[in-house]
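Colleague: One structure is given below, represented as structure tokens, and several questions about it will come after.
The values are calculated or read from the model by the stated rules, or taken from the named source; none is laboratory data. Treat the numbers as computed from the prediction; the structure is a model and nothing was measured. Note that each Cβ is placed from the backbone with ideal geometry, even for glycine, and that neighbours are counted across all protein chains shown. Surface areas here come from the heavy atoms of the whole protein model, side chains and all, with no ligands, DNA or RNA. Shrake-Rupley method; radii C 1.70, N 1.55, O 1.52, S 1.80 Å.
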Amino acid sequence: MDKFEIHKGLVVPLDRANVDTDAIIPKQFLKSIKRSGFGPNLFDDWRYLDTGEPGMDNSNRPVNTDFVLNHDRYKGGSILIARDNFGCGSSREHAPWALLDYGFKVIIAPSFADIFFNNCFKNGILPIVLSEKEVDDLFKSVDATEGYALTIDLPSQTVTKPDHSTISFEVDEFRKHCLVNGLDDIGLTLQHVDDIRKYEAKRKESAPWLFASHT
Amino acid sequence: MTSKTLYDKLWDAHVVRTNEDGTALLYIDRHLVHEVTSPQAFEGLRIAGRKPWRTDAALAVPDHNVPTTDRSTGIEGITDPIARIQVETLDKNCIDFGITEFGMTDKRQGIVHVIGPEQGATLPGMTVVCGDSHTSTHGAFAALAFGIGTSEVEHVLATQCLIQKKSKNMLVRVDGQLGSGVTAKDVVLAIIGRIGTAGGTGYAIEFGGDAIRSLSVEGRMTLCNMAIEAGARAGMVAVDEKTIEYVKGRPYAPTGNVWDKAKKEWEKLHSDDNAVFDKTIVLNGAEIEPQVTWGTSPEMVSGINASIPDPDNESDPVKSDSMKRALEYMGLTANTPISEIKIDKVFIGSCTNSRIEDLRAAAEVAKGNKVAGNVKLAMVVPGSGLVKEQAEQEGLDKIFVKAGFEWREPGCSMCLAMNADRLEAGERCASTSNRNFEGRQGQGGRTHLVSPAMAAAAAIKGHFADVRELGE
Ligand code: SF4
């Protein structure tokens, strides 16, 4: 996983609440057995006018010019802002994979669905919770200013606006540590092999039915 | 000793170690695996040269991508080549890593959340995870069950543990008794209508109260299944005699002395009398009507005898806006009575409502009736091969077919339309599944969530109808 420290990028406004994972990456693309290549199909139903299928040449498809990702001023954006409950729905990690593959490194919303929020950290995306008012202000600024960019500083936990004012945000210490250092948490857990074995030995005594083998 | 909630007890029993920042390494007892969210996890293991920690804790089944039509040709019968590769990949991964799989032609194959409990692979007091958000279903057994992403699937395979932060405790209490014709599905939709789809975010929900106690274990699965639609990763119901009776004698359940010991432990799986919840919501069961969703989020729901609400009466501008957008997508106008909404298709199935009791309830309504002329397709998809077999023994398949329903092979089917079962743009469906998101059942498709009995009633009438008044 890539390290995440400071990121500066163009902001893309997705003015919707309850953006679900089916909308982020529709189910037909979940048939892939790979982690990459989902970017062109991010928000497929909203982004294109036809029905997307895996394996299509996306460059020839008719685009929905009303949809924000298709506006020239937001091309190359890497920070997405949205409304409440972003990422609700299924647990598909294809959703953060698609966002990342498209180029999004940061998502800002007043609230996120739990599983999606968690999946972001595992893939080097930083989800940031700001208050409704702060997010609303960002929507207004982005709308008013072409090329509106933010600087996200994870070690110091701040979002810096073009006028140099800053907003601070909360992030779990452990998640921050993993993201800043690009750590694989399987490796971290395997440092505790002895603890796991000790727990298992105790459990086998007290709850042997949890260790019965079936074939 | 301090009083604990059921969730506290389940949590405490599985903490391997607590990290400095308050997160915990949580031990996982059962890991259910399916074809869509696992290939990249197995690939990760291979790349890192890691092996599964405990193969006996995992159980795999293909369900999302399998066709629900004739199975006789096995995997060759999957006409979509990309879907076929995914199912083949699961078969191969299970062989390579030594994991038990109920393959496509195994009689025990079915939707992962149906087969876990059916096999007794889900037991009270367990931690159960699966790369699927509806893993909350298994909480019906007083298990701590939640959905995980693919990175976590890999983490559980490699370490049998997950790094987790404890949620807050929420109690949703449904007092009193439900009216006749009102089911677990209606209860959970009413709860979501009340607290909203983000109402449970950050919480583990325990469902309690007399109305919940009187639900069957299968009804409790329906209820916990949709905890995730209320934003909670986990939903759960305390153990009682019904739970224990249900588990008894299932293939993966303990026997003999071990059974007696387990039973004693399981009987402790309820919240203590003085346990403190961070939040409590109370509903009156007697007031719950059969529910129908009218929008593109499960919280957009009303009783069958209500009308579609008017976004102009909603004071919150963000909410009003999403209501307008939903009505536009659904092709509906505010203030229309729900019972006047005509439907094109009916889907009875999914991990929410495809167990034997669901099929019995739908069959009872369908019996002696005919699917209305304006309904293009009404399909019944059992949750597993064993549910299908049981239903056929009871003659339910004949009732359905006679009434004009199609009787299919088990799988997720039109719940998420990854296989050939789907809605065309603009088609309207009465569905017993759990998500009515835009495009969920096919691009442009319009989904209304209902109970199995209400879905059957809609099939017969051609529009939504109060199942309690049918036949009057
Ligand atoms: S039936 Fe639907 S909700 Fe349940 S596991 Fe399958 S796709 Fe997911």
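Colleague: Mind checking A:182-188 for the average number of partner chain beta-carbons within 10 Å of each residue's beta-carbon?
Modeller: Shielding by partners across A:182-188 averages 5.
Colleague: Here is a further query. 7 Å from Cα along Cα→Cβ at both B:Ser320 and B:Val401: what's the point-to-point distance in nm?
Modeller: That separation, rounded to one decimal, is 5.4 nm.
Colleague: Work out which residues of segment A:7-35 lose at minimum 40 square angstrom of accessible surface when the other protein chains are put back, relative to the chain isolated, with a 1.4 angstrom probe, and list them by number.
Modeller: A:Arg16, A:Asn18, A:Asp22, A:Lys27, A:Leu30, A:Lys31, A:Ile33, A:Arg35
Colleague: Could you work out the Rg to Rh ratio of chain B, with Rh taken as the Kirkwood radius (inverse of the mean 1/r over all Cα pairs)?
Modeller: Expressed as Rg/Rh, it is 0.95.
Colleague: Still on this model: Could you give the nm distance between label points at B:Lys263 and B:Glu340, where each point is 7 Å from its Cα heading toward the beta carbon?
Modeller: Simple spin-label model gives 5.7 nm for this pair.
Colleague: To the nearest 500 deg cm²/dmol, what mean residue ellipticity at 222 nm is calculated for chain B from DSSP H runs of n ≥ 4 alone, each contributing -39,500 (n - 2.57), summed and divided by the residues?
Modeller: That comes out to -9000 deg cm²/dmol.
Colleague: Give, ordered by residue number, each residue of segment B:1-42 whose 1.4 Å probe accessible area is reduced by a minimum of 30 Å² on adding the remaining protein chains to the chain alone.
Modeller: Relative to the lone chain, where solvent access is computed with a 1.4 Å probe, segment B:1-42 loses at least 30 Å² at B:Ala13, B:Val16, B:Arg17, B:Asp21, B:Leu25, B:Tyr27, B:Asp29, B:Val36, B:Gln40.
Colleague: Now, a different point. For the A and B pair, go ahead and give the buried accessible area with a 1.4 Å probe, both sides summed, in Å² to 100.
Modeller: The contact between B and A buries close to 5700 Å².
Colleague: Just to be sure I understand: if I project the alpha-carbon convex hull of chain A onto a plane and average over all orientations, what area do I get in nm²?
Modeller: For the Cα atoms of chain A, the hull's average projected area reads 15.1 nm².
Colleague: Please compute, for peptide A:109-115, the average count of beta-carbon atoms on other protein chains lying within 10 Å of each residue's beta-carbon.
Modeller: 6
Colleague: State which entries of A:Lys27/B:Lys92; A:Lys27/B:Lys9; A:Lys161/B:Lys324; A:Lys105/A:Lys176 exceed 25 angstrom in Cα-Cα distance in the structure shown.
Modeller: In this structure, A:Lys27/B:Lys9; A:Lys161/B:Lys324 lie more than 25 Å apart at Cα.
Colleague: Give the share of C-alpha pairs in each 10 angstrom bin for segment B:401-472, from 0 to the last occupied bin, in whole percents, shortest bins first.
Modeller: Values per bin, smallest distances first: 20, 48, 28, 4.
Colleague: Listed highest first by mean packing, meaning other Cβ atoms within 10 Å per residue, what order do A:13-22, A:134-143 come in?
Modeller: Sorting A:13-22, A:134-143 by mean packing, highest first, produces A:13-22, A:134-143.
Colleague: Please give the average number of partner chain Cβ atoms lying within 10 Å of the Cβ of each residue in B:436-447, rounded to a whole number.
Modeller: Average per residue, whole number: 4.
Colleague: A follow-up question, please. Hey, can you rank B:211-219, B:62-70, B:241-249, B:255-263 by average C-beta count inside 10 Å, highest first?
Modeller: B:62-70, B:211-219, B:241-249, B:255-263
Colleague: Which residue fluctuates most in the GNM of chain A (Cα springs below 10 Å): A:Gly187, A:Gly52, A:Gly39?
Modeller: A:Gly187
Colleague: OK, next. Compare the peptides B:283-290, B:455-462 by average per-residue count of other Cβ atoms within 10 angstrom and give them in order, highest first.
Modeller: The densest-packed peptide leads the list: B:455-462, B:283-290.
Colleague: A further question on this structure: So if the hydrodynamic radius of the protein assembly as shown is defined as the Kirkwood radius over C-alpha pairs, what does Stokes-Einstein give as its diffusion coefficient at 20 °C and 1.002 mPa s, in µm² per second?
Modeller: Rounded to a whole number, D works out at 84 µm²/s.
Colleague: Sticking with this one: Please work out the FRET efficiency for the pair A:Ser59 and A:Glu132, using the Cβ-Cβ distance as r and a Förster radius of 45 Å; give the result to the nearest 0.05.
Modeller: Given R0 = 45 Å and the Cβ-Cβ separation, E is 0.75.
Colleague: If you don't mind, another one. Given a 1.4 Å probe and every protein chain left where it sits, what share in percent of the accessible area of segment B:1-69 is carbon and sulfur?
Modeller: 51 percent
Colleague: Label-point separation (nm) for B:Thr73 and B:Glu392, each offset 7 Å from Cα along Cα-to-Cβ?
Modeller: In this crude spin-label approximation the distance works out to 2.0 nm.
Colleague: Hey, another quick one. With all protein chains present, how much of the accessible area of segment A:1-123 (probe radius 1.4 Å) comes from carbon and sulfur, to the nearest whole percent?
Modeller: Carbon and sulfur together cover 48 percent of it.
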